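Each remark here refers to the structure printed beneath this line.
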Amino acid sequence: MALYAAYGTNLDASRMLRLAPHSPTRGTGWLSGWRLTFAGEDIGWDGPKATIVEDPTSQVYVALYDVTPADEETMDEFERAVLGGATKIRLRVHTLDGDPLAWVYVMDAYEGGLPTASLPRRAWPRPPRWPAPPTTTWPTCARAPAARTASAGRFGAHPAIRPHRDGANR
């Protein structure tokens with residue numbers, strides 16, 4: 001199996017599970033001498049895509065995947081369609097277990113522009129979803145709502161106004 005170094009939106013595990021479902025995660029590492037940037041503003045409809053460029057003073061954090069040949073073909077097709085002419089190159093990745101060679105996709109486009117609007121949604125986790133407010137229920141110690149009477153109006157009696165013994169709302 002080939003070793004793939006994912007960066008940018010491909011750091012999202014759920015995205016990689018859709019792109020390469022049969023390829024397990026191997027670990028993480030750094031691409032020394034490379035920098036994360038954005039390029040290809042004129043290629044896609046939603047702006048520049050993440051790519052890497054050589055920079056001797058920088059490093060890029062990557063996730064490593066053992067990619068099966070079938071998943072590699074799928075990823076090649078997807079990256080060429082999305083990036084519009086990406087080049088596949090092999091780079092040395094620095095990890096705690098050594099420095100293996102891994103392949104990455106690099107765009108053949110001019111650097112510059114703001115990141116795509118979808119990058120923050122994909123690259124960073126979503127905010128927590130707060131629970132829905134509870135439905136209105138009657139406390140166990142309260143009486144059942146009063147039946148609609150002429151004085152209650154068209155929406156029924158107010159829950160704080162309980163019917164009196166003689167049937168009048170007070």
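The values are calculated or read from the model by the stated rules, or taken from the named source; none is laboratory data. As the structure is a computational prediction, the values presented were derived from the model and not from experiment. Glycine also receives a Cβ, built like all others from the backbone with ideal geometry; neighbour counts cover every protein chain displayed.
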Query raised in the report: Mind checking whether some residue in the range 68-78 is free of Cβ contacts under 8 Å to residues at least 24 places away in the same chain, closer than 14 Å to Trp103 by Cα, part of a helix (DSSP H, G or I) and among the charged types (D, E, K, R)?
Result: yes
Report summary line: Residue hits (the range 19-37; over 17 Å from Asp55 (Cβ atoms) and either modelled with pLDDT under 90 or among the aliphatic types (A, V, I, L, M) (or both)) are Leu19, Ala20
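Only residues that are within 23 Å of Glu73 (Cβ to Cβ) and surrounded by 15 or more Cβ atoms within 10 Å (Cβ to Cβ): list them for the range 16-43, please. Explain how you work it out, then say what you get.
From the range 16-43, those within 23 Å of Glu73 (Cβ to Cβ) are 16-26, 40, 43; that's our starting set.
Within the range 16-43, Met16, Leu19, Ala20, Ser23, Arg26, Gly40, Ile43 meet the criteria.
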Requested in this report: Go through the residues of the range 38-47 one by one and say whether even a single one is in contact with a strand residue (DSSP E or B) (Cβ under 8 Å, 6 or more places away or on another chain), at pLDDT below 90 and not small (Gly, Ala, Ser).
Outcome: yes
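Suppose we keep only residues that are touching a Gly at 6+ places or on another chain (Cβ under 9 Å) and surrounded by 14 or more Cβ atoms within 10 Å (Cβ to Cβ) within the range 64-85. Which one would you say is modelled with the highest pLDDT?
Here is the first cut: in the range 64-85, the residues touching a Gly at 6+ places or on another chain (Cβ under 9 Å) are 64, 82-85.
Next, only the ones that are surrounded by 14 or more Cβ atoms within 10 Å (Cβ to Cβ) stay: 64, 82-84.
Working: Leu64: 95, Val82: 64, Leu83: 61, Gly84: 65.
Result: Leu64.
Restricting to the range 9-22, what's the tally of residues that are part of a loop (DSSP other than H, G, I, E, B) and under 19 Å from the mean Cα position of the chain (by Cα)? Show your work before the answer.
From the range 9-22, those part of a loop (DSSP other than H, G, I, E, B) are 12, 20-22; that's our starting set.
Retained after the next criterion (residues that are under 19 Å from the mean Cα position of the chain (by Cα)): 12, 20-21.
Residues flagged as part of a loop (DSSP other than H, G, I, E, B) and under 19 Å from the mean Cα position of the chain (by Cα) within the range 9-22 amount to 3.
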Report task. Starting from the range 21-37, keep only residues that are without any contact (Cβ under 8 Å) to a residue 40 or more places away in the chain, then list their pairs with residues that are acidic (Asp, Glu) and assigned to a strand (DSSP E or B) whose Cβ atoms are within a distance under 6 Å, requiring at least 6 positions of separation or different chains. Result -> Arg35/Asp55
Query raised in the report: Looking at the range 2-11, is at least one residue closer than 24 Å to Ala109 by Cα, surrounded by fewer than 18 Cβ atoms within 10 Å (Cβ to Cβ) and of a type outside the set (Phe, Trp, Tyr)?
Result: yes
